[in-house]
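First the structure, in the form of structure tokens, and then the observations on it.
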Amino acid sequence: MTTEQEKTTTPAGSARRALVGRLSWGLADQAASSVSNFVVGIYVARSLGVAAFGVFSLAWVTYGVVLNVSRGLATDPLVVRFSGVPVASWREAVARSSGAALGLGAALGSACLVIGLALGGRVGPAFACLGVMLPGLLLQDAWRFAFFAAGTGRKAFVNDLVWGIALVPAMVVAAHMGSVGAFVLAWGASAAVAAAYG
């Protein structure tokens, strides 16, 4: 039998535990994402050299800009408006959000592909490969936000973990090929694996 004091403190304790759990998974997910990005950067720099790594970095920075646009249009509104809602509402909102991210990835990816083909040289292939990979990259990020909106940060962490695991063989294959485009494709393809898993 519970006392009145236990009845009043139990919900607060549960809410506190839930908040700590959400924060913990958020930190773990961000750590996994940051560590994998850091390792990719080091590996690409060591495999390709400084000049080629500079080309890879141009594609990577472009992805960062596109990612922020996608978050502003698709995933930030999802987290703000559809966190803690019933599952049916969440699913409908996630379908719209992931569709928007995928559509934006296809549109801006097409632009990158055209620009890359027009540029040629050392930079062109990197942008062309980024253009092909942008839809999968943005969809993977959309899943991260969808899981956090649902309060299941553990799933976002697992999704980033899948990306990190898929990166290992992809980067090894890219290193054997030895081109910037191969590394961009490997990075984007492993994100697409995580997007499919999500």
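The values are calculated or read from the model by the stated rules, or taken from the named source; none is laboratory data. The structure displayed is predicted, hence computed values, not measured ones. Note: ideal-geometry Cβ built from the backbone for every residue, glycine included; neighbour counts use all protein chains shown. Areas reflect the complete protein model, heavy atoms only, side chains present, ligands, DNA and RNA absent. Shrake-Rupley method; radii C 1.70, N 1.55, O 1.52, S 1.80 Å.
For residue 68, all conditions in the list (1) more than 25 Å from residue 175 (Cα to Cα); (2) at pLDDT below 90 hold save one; what is the number of the exception?
(2)
I'm told residue 175 meets every condition in (1) at pLDDT 95 or above; (2) surrounded by fewer than 22 Cβ atoms within 10 Å (Cβ to Cβ) except one. Can you identify the failing condition by its number?
Looking at each condition in turn, residue 175 falls short on (1).
Answer yes if at least one residue in the range 97-108 is open to solvent by 20 Å² or more (accessible area, probe 1.4 Å) and under 24 Å from residue 44 (Cβ atoms), and no otherwise.
There is at least one residue in the range 97-108 that is open to solvent by 20 Å² or more (accessible area, probe 1.4 Å) and under 24 Å from residue 44 (Cβ atoms).
Do the conditions hold for residue 12, that is, is it assigned to a helix (DSSP H, G or I), out of contact with any His (no Cβ under 6 Å at 6 or more places or on another chain), within 21 Å of residue 160 (Cβ to Cβ) and at pLDDT below 90?
No.
Could we say that residue 32 is part of a helix (DSSP H, G or I) and surrounded by 15 or more Cβ atoms within 10 Å (Cβ to Cβ) here?
yes
Output the number of residues of the range 73-92 satisfying the condition of being surrounded by fewer than 19 Cβ atoms within 10 Å (Cβ to Cβ) and under 14 Å from residue 139 (Cα atoms).
Residues in the range 73-92 being surrounded by fewer than 19 Cβ atoms within 10 Å (Cβ to Cβ) and under 14 Å from residue 139 (Cα atoms): 2 in total.
Report yes if some residue within the range 129-143 is among the charged types (D, E, K, R), open to solvent by less than 50 Å² (accessible area, probe 1.4 Å) and within 17 Å of residue 65 (Cβ to Cβ); otherwise report no.
yes
Assess whether residue 156 counts as being assigned to a helix (DSSP H, G or I), among the hydrophobic types (A, V, I, L, M, F, W, C), more than 19 Å from the chain's Cα centre (by Cα) and buried (at least 23 other Cβ atoms within 10 Å of the Cβ).
No.
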